[in-house]
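Scroll down for the structure; my scribbles are underneath it.
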Amino acid sequence: ESVFDKIEEVEAVSFRTGGTGTAAQIAALEAPALNAIYRVITTGGDLNSGGTAITVAAGDLVYHNGTIWVLLADVNA
């Protein structure tokens, strides 16, 4: 999968504002809004589990695609 494939996937999604929280607070959301962008603050951590797990740091942007959390922007990359 190329960078261009990822860009096309992101462009096809209609995003909205979700909010901010620590990785633990975001992971604990029981019904995250579909495609709402959340900014990780203060502490990072893991979202999802198993093969879909992602590690996030303070400042990263994530969204929930209806099934799993997806890393939209990694500020440490």
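The values are calculated or read from the model by the stated rules, or taken from the named source; none is laboratory data. Since the model is a prediction, treat every value here as computed from it, not as a measurement. Positions of Cβ are generated from backbone atoms using ideal geometry, with glycine treated the same way; all protein chains shown enter the neighbour counts. The area values use the complete protein model at the heavy-atom level, side chains included, leaving out ligands, DNA and RNA. Shrake-Rupley method; radii C 1.70, N 1.55, O 1.52, S 1.80 Å.
I'd like the full set of residues that are part of a loop (DSSP other than H, G, I, E, B) and under 17 Å from S14 (Cα atoms), limited to the range 63-77.
Matches in the range 63-77: N65, G66, T67, I68.
Collect the residues in the range 24-47 that are more than 18 Å from S14 (Cβ to Cβ), at pLDDT below 95 and polar (S, T, N, Q), keeping them in residue-number order.
T42, T43
Could you grab me the full set of residues in the range 14-27 that are open to solvent by less than 70 Å² (accessible area, probe 1.4 Å) and outside any helix (DSSP H, G or I)?
Within the range 14-27, F15, G18, G19, G21, T22 meet the criteria.
Please determine, by comparing only the residues of the range 37-62 that are under 13 Å from A77 (Cβ atoms) and outside any strand (DSSP E or B), which one is least open to solvent (accessible area, probe 1.4 Å).
D60
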